[in-house]
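Here is the structure we will look at, set down as C-alpha cells.
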There are 2 protein chains.
Amino acid sequence: MVQLAVSVGFMSEISLDRTKSVVALLYSGELQKTIKEEFEEKCPSLDTVREELRFIIEKSYFGSDSVLVFHNVNELVKKFGKILSWEMVMSLYAIEMDDSVDKQEVGGGCSMKNGGESTKDEKKSEKKKRKKKTLGRGTAIVRQILMDWFRSTNDAAIDNVSALVQWAEQLSPCFDLDDAVLGAILEKIKEIVESNETRRLPKIPKGTRDFGKDQMAIRVRAFSIINKVFKRHGAVALDTPVFELRETLTGKYGEDSKLIYDLADQGGELCSLRYDLTVPFARHVAMNNISSLKRYQIAKVYRRDNPSKGRYREFYQCDFDIAGQYEVMQPDFEVIRVLTELLDELNIGDYEVKVNHRKLLDGMLEICGVPSEKLRTVCSSIDKLDKQSFEQVKRELVEEKGLAAEITDRIGSFVKKRGSPLELLSELKGMDSPFLGHSGSSSALNELELLFKALEKSKCLGKIVFDLSLARGLDYYTGMIFEAVFKGATQVGSIAAGGRYDNLVGMFSGKQVPAVGVSLGIERVFTIMEQLHKERNEVIRAMDTQVLVAILNKDLLLASELVSPLWDAKIETEFGLEKRARNYIDEAIKSGIPWVVFVGESELERGVLKLKNIKTHQEEDIPRERFVKEIQSRLLNNV
Amino acid sequence: MVQLAVSVGFMSEISLDRTKSVVALLYSGELQKTIKEEFEEKCPSLDTVREELRFIIEKSYFGSDSVLVFHNVNELVKKFGKILSWEMVMSLYAIEMDDSVDKQEVGGGCSMKNGGESTKDEKKSEKKKRKKKTLGRGTAIVRQILMDWFRSTNDAAIDNVSALVQWAEQLSPCFDLDDAVLGAILEKIKEIVESNETRRLPKIPKGTRDFGKDQMAIRVRAFSIINKVFKRHGAVALDTPVFELRETLTGKYGEDSKLIYDLADQGGELCSLRYDLTVPFARHVAMNNISSLKRYQIAKVYRRDNPSKGRYREFYQCDFDIAGQYEVMQPDFEVIRVLTELLDELNIGDYEVKVNHRKLLDGMLEICGVPSEKLRTVCSSIDKLDKQSFEQVKRELVEEKGLAAEITDRIGSFVKKRGSPLELLSELKGMDSPFLGHSGSSSALNELELLFKALEKSKCLGKIVFDLSLARGLDYYTGMIFEAVFKGATQVGSIAAGGRYDNLVGMFSGKQVPAVGVSLGIERVFTIMEQLHKERNEVIRAMDTQVLVAILNKDLLLASELVSPLWDAKIETEFGLEKRARNYIDEAIKSGIPWVVFVGESELERGVLKLKNIKTHQEEDIPRERFVKEIQSRLLNNV
C-alpha cells in the first residue's frame, strides 16, 4: 500500500515536472494567468500532499491501524489525482490557446521515431518551415491522450475558462489508479523520461544559481566595499560551518522553521543547513564562553522556500553583530551607523531605515488592550503591514486571531504613526501620551531618543524613519529593531534588517550575553547593482589580465621562456599558441586586455618582441633581453 | 521490531558517544593502543551495523518476509552487543590503567548529589587536593556497574590485554536486550544524559570548526595570495551552489561515494553537498554549453569521513582549471606552473611535485601483464604506495585482487622508478625500453617530455619528480597526473593534486570538453602556516583598527560627534564609553591599535583632544577643530 502511494507520488512528480515546464514555457497571456489563479485556489498544494504522505509512511512504519492507513493513502491518491488533473488541464489549455505551438496529431499507437539525432533534425526542418514551437515528445503524447479523452466525453471545444474548470473536475475522479487514462499517461511518460535521460543536459537544484564571471565581478566588488566598512568598525571575521546540529536551530525561527534544510540521517548526528548567520553567531559566543565580540560574517544561508516566487534557496547574507555589555544604545547606534555606511558606499540609490522598539510595540499593544498571550501573534500580523493594507491585517486580527474590533481600531491609530524620528518621539512623549504611564514603553522611548540624537550627531538621521508599524518577524528581538527599504526604481523592498536580541546567547548557555546586529540582504543589493550597471553601460572586468603573449609559431617552449618571467614579475599574463594575429586582437578587445606581445619569425630573427597597445593601436619593437622591464614600466605609467 | 532496533541503535549510540569520549581522553600509552587494535580487528564497525539496520528497515517497509526481518534484527542486536561490550571493556581498561584517574567508588544505589553547581565545586576541591582526573558522573556509574559485574564473574584483576579480550567476549552475549546489566546501564545513562541536557554548552557537528579571528586572519592572507596567483593567469571566479542534484555526483567518485553528504528528502529534488569543486565545474561547463573556460573557485567541500582520523568533514579547496581545446600540454604546463607559484608564494617551505601519466601507467600495467579489466583496481592499490610498503601493496594485489606474483614483481620493478624528470624520461625512452612498442605509453612519454621541457624553461623543473608509482585515486583522470608533497617539518603529506580529465564534461552533456586542473588542499597549508607563525612568533592582526577614541565622560552623543567624522574619512576607528584611561591603553596594546584619542573634561574645556601613540608613549594635544586631518596625516606618514 505504502509502496503504491510512493510510486504514485514519484510518477506524478515526473509528469508534474514535465507539464509544469510546458506551462512555464507557454505562460504569457492574461488568460493563462486566470487559469493559474483558478488552479491555485481549487487545488491542494503538492507540498501539503507530500507532507501528509510522509506522515502516513512514518506512522505505518511503527505499525499503526492498517485500515486507517489504507483510508489515508486512498485519500491522498485522490488528492494527487486532483492536482494531476488540474495541472494537465491547465497545460493543455495553455497549449491549445497558443497558436505558435505546432499541434501535429500523434498516432494513437505512438509510432514515434527513435533516436535523438533524427528527431533533432526533424525538429529543425519543421522549425524552418513553419516557425512554430514544437512540443516535446512527452508533451505531445500526453496532449494526444487527453484530447482523445476530452473529445470522447465533451461536446464543446476547450476555449473558455469555465468549461475548463468543469472539465478539470470531471477529469479528477478519473485519476484512479486503475483508470486506463492515467495508466497510459504514466506508462508513456516513463518511457520518454527514460529515453531522454541519456541526452539531457545537467541541471542544478531549484532555487540555486551558478555565478559566472560577470556576476562574480560585481559580487567581488560589493564584498570588498562591505568588508571595508565592517573592518572600519573594528569587527573581526568569523567563519562557521554551513551546517549546524539540528538542535541548535530548532525553536529559533518560529513558523519559518519549516523552511530549514535538513541533512539526511546517514548515521551520526542530525544536522541542518544554517538558516541565517545570527543563530550560529550566538551559538559560537555561547559555546566559547565569550563575553564580548564584534564580528562580521559574509556567507551563504539556506531556506527551503518556494523558488517560484523568485526567491532563492541559497543566498548570501552579510552580518555585523556586537555582543557584550555596553553602555545603553552604544552598540545599537554603531550598528545603524554601519548600515548607513554600507548602503551609502554601495552607492545603489536612495533608501530609508525604519526604526522601532519591541518594548514600545509591546507597550502599545498592551495599551490597546491586547492580552499578553497574544502579543507575539499580533506582532506577526502587524509585520505584514508593509505588504498588506490595514484592512487586510485587521481582518486577520479579528477573524483569525480573535481580537475585538475596537482593540484593532486602537492599534490602527497607532501603527499609522510614522515620520521624522525626533518629532514623532516628542509627540509620543507628550503631555497626554498613554506611553508615559507604561514603564516598558517609556524606557523604550528614552532609548530611542538617545539613539536618534546620536544618529543626528553622526549626520545620518536624515535616512531614519520612526515607524510604529515595524514589527519584524523573528521572535528573538528584545529591543530596538530596524529595516532598510530601497526607494529607487528597482522594486526589491527590504534590503537589510536587524535589531537587539538580548536572550539568544542565553538560550544556548544559560549565560546571558546581550547583542545587537544587522544583516544585509546582499542578493537584492546585487539585483540593484546589476540593474545600475546595465543602465550606466558600465563594464566591470572579470579578469585582471594585462598582457597577452601571442606565440605565432605555436612553440610551447618558447612560450614558457617568454611568459614565465612576466609571471615571475607578478604581471597578469596569458598566452596563446596559434598563428592568426587577428584572433589575439579580438580576444584582447573582448577581454579588455590592454597589451598584446607578438612573437613571430621576424621578431625572433631580430631579437625583439612586438608590443601592441590595444587602445591606441600603437605598435613598437622592444628588445627581447629587457622586455619584462619595458612592459612593467608601461603598466606602471599606465601608458 | 524495527522500532526496537532503532531504539537500541539510539541508546547504544548515546553510550558509545560517552565511552568513546572517555577513551579519547585517556588514550596515551602503548597498552591502550594494543587494545584499540584488538578492538578494531575483532569488532564489527558501527557503520556496517548501521548500514545493515537501514537496509532491514527499508526492506520491512515494503513488506518482506517478517521471519527473516526478525532474524536479521536479532543478528544486529547481537552485533550491537559486541560493539558495546568491546567499547566498554576498552574504556574500562583505559580508566583502570590510568593512575591519574580518581576511581572513587559509587554506591550501588547511586545516591549521587544533584545540581550542577555543587558537583562542580566538589570537583574543584578534589582536584586541588589530589590533582587527579575526576570521572564524569555517567562514566563513574557505568564503571561501577561493570566492575561489580566483573568482580562477580572473574578472579583475575584487569591488568593484561589477553584477559581483557577474553572478558570482552564473555561480556558480549550479556548484551541481550533483557539482560539486567544492559538495562541498568542504559537506564542510568539516559538519566544522566537528560539531567546534563539543561546545563550543556552547545556543540557543533563533528568534523566541523568555527574559525575565529586569529585563524581567519591567516586564512584571509592566504586566500589573498592564492587569489592573486589565479588572477595572474587570467582565471575568472565561479561560484556554484553548496549542494548539487544527487544525480550530478553519482558515479564520479568510485568507492568514496559513500562519503557524500545527502540532504534529507523533504519533498522535491534529491540533493547532496558537493564533494569537490571539479565535478560542479564540469557540470557548469556542460550545462552552459561552454567550449572554453579558465576559472578558479575557493570554497568549502563536504565529506562524511571519519573525523577521529583528524580529518575534517567541511574544508576549503582552492581549484584552478582550464577547460577547452588547446595545443598539447599548453594548459597542463600552466596548471603545474600555477601550482609552483602558489606554493612558492605561500612561503610554507620545501615541497616536491610528483608527476606521472595515466596512459603511461596503463601501458606499464599492460606490459607487466595485468588484464585490462583489472587496470583501475590495480591502480587504486598502487596509489597506496605513498603510505604503505611495496610488500603490503603486493599482498593486496596477489591476495585480494588475484594478480599473479610474477606480474606483481614486474610492477614492483617499475614503480620503484622515480627521479629527475628528464633523466628518467630518457631512460624510459631508451633503446630497449618496453614502452616504445606500446602506442599509449609512447605518446604519454612524448607529452611528458614536452611538459618537462616547458617547465625547465619556466625554471620550476627543480621541484618536479617523475614518479611511476603515482596513480591518484579518482577514476576520471585521463592524462598527466600530479601531486604536491610538503617536505618540511610539519607532517601533512599531500597538499595539492590534480591532472587531466578529458571525459568528465562529456559525462554530463555528451559533448567532450577536455580539461585539466589543480586543487590545493588549503587546510593542510593552514596547518603549516599556523605552525610557522607560532615558531616565528609572528602576529597577524585580526582587526584593522587604527584609532581608539576614549570618551571618558561616557557621553554617547559626544562620541558620535567625534567618531563619525573619522569614519567618514574612512579611518578604522573604535570608541569606548568608560572612565578608566588604563583600560583603553590595555585594549590598544592587546589589539595592536596604534593610536588612542582621550577625551576628558580637561580636554573638552581646552577645545583639544589628547592623542597618544601607543608604541612611543608620546602624548600631544591636538585642536578639536582639525583633529581628523591631524590623525589622517599621522596615519599616512606612519608616525
- Mind listing whichever residues of the stretch A:271-284 are under 15 Å from residue A:320 (Cβ atoms), touching a strand residue (DSSP E or B) at 6+ places or on another chain (Cβ under 6 Å) and either small (Gly, Ala, Ser) or more than 10 Å from every other protein chain (Cβ to nearest Cβ) (or both)? A:276, A:277
- Which residues, counting only those in the stretch A:216-240, are in a helix (DSSP H, G or I) and at the interface with chain B (Cβ under 8 Å from one of its Cβ atoms)? A:216, A:217, A:219, A:220, A:228, A:231, A:232
- Can you find even one residue in the stretch B:538-549 that is of a type outside the set (Lys, Arg), within 18 Å of residue A:333 (Cα to Cα), touching a residue at least 40 places away in the same chain (Cβ under 8 Å) and within 14 Å of another protein chain (Cβ to nearest Cβ)? yes
- Message: Between A:441, A:413, which is of a type in the set (S, T, N, Q), modelled with pLDDT under 95, in a helix (DSSP H, G or I) and surrounded by 21 or more Cβ atoms within 10 Å (Cβ to Cβ)?
- Response: A:441
- In the stretch A:225-278, which residues are of a type in the set (S, T, N, Q) and touching a Pro at 6+ places or on another chain (Cβ under 8 Å)? A:240, A:248
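Matching residues to (1) modelled with pLDDT under 95; (2) within 23 Å of residue B:472 (Cβ to Cβ):
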position: B:235; (1), (2): no, yes
position: B:248; (1), (2): yes, yes
position: B:266; (1), (2): yes, no
position: B:285; (1), (2): no, yes
position: B:301; (1), (2): no, yes
- Note on the structure: If we keep only residues of the stretch B:520-560 that are at negative phi and of a type in the set (Lys, Arg), then the residue surrounded by the most Cβ atoms within 10 Å (Cβ to Cβ) is B:524
- The strands (runs of 3 or more DSSP E) lying wholly within the stretch B:254-364 that contain at least 1 residues that are touching a Lys or Arg at 6+ places or on another chain (Cβ under 8 Å) and under 27 Å from residue B:232 (Cβ atoms) are B:293-302, B:314-323, B:351-357
- Query: If we scan the stretch B:536-548, do we find a residue that is closer than 30 Å to residue B:323 by Cα and outside the structural domain of residue B:414 (by TED's automatic domain parsing)?
  - Reply: no
- Note on the structure: Log entry, pairs with first residue in the stretch B:242-253 being within 11 Å of chain A (Cβ to nearest Cβ), second being among the acidic types (Asp, Glu), beta carbons closer than 7 Å, six or more apart or on different chains, reads B:242/A:314; B:245/B:269; B:246/B:262
- Task: Test residue B:516 against the criterion of being touching a residue at least 24 places away in the same chain (Cβ under 8 Å) and in contact with a helix residue (DSSP H, G or I) (Cβ under 7 Å, 6 or more places away or on another chain), and give yes or no.
- Result: yes
- From the option list B:348, B:322, single residue qualifying as buried (at least 20 other Cβ atoms within 10 Å of the Cβ) and either farther than 14 Å from residue B:520 by Cβ or within 14 Å of chain A (Cβ to nearest Cβ) (or both) is B:322
- Query: Which of the residues belonging to the stretch B:284-299 are within 16 Å of residue B:244 (Cβ to Cβ), surrounded by 21 or more Cβ atoms within 10 Å (Cβ to Cβ) and of a type outside the set (A, V, I, L, M, F, W, C)?
  - Reply: B:284, B:297
- Could you tell me whether the stretch A:585-595 includes any residue that is loosely packed, with under 12 Cβ neighbours inside 10 Å, closer than 30 Å to residue A:485 by Cα, of a type in the set (Lys, Arg) and within 35 Å of the chain's Cα centre (by Cα)? no
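The values are calculated or read from the model by the stated rules, or taken from the named source; none is laboratory data. As the structure is a computational prediction, the values presented were derived from the model and not from experiment. Methodologically, a virtual Cβ is constructed for each residue, glycine included, from the backbone with ideal geometry; neighbour enumeration extends over all protein chains shown.
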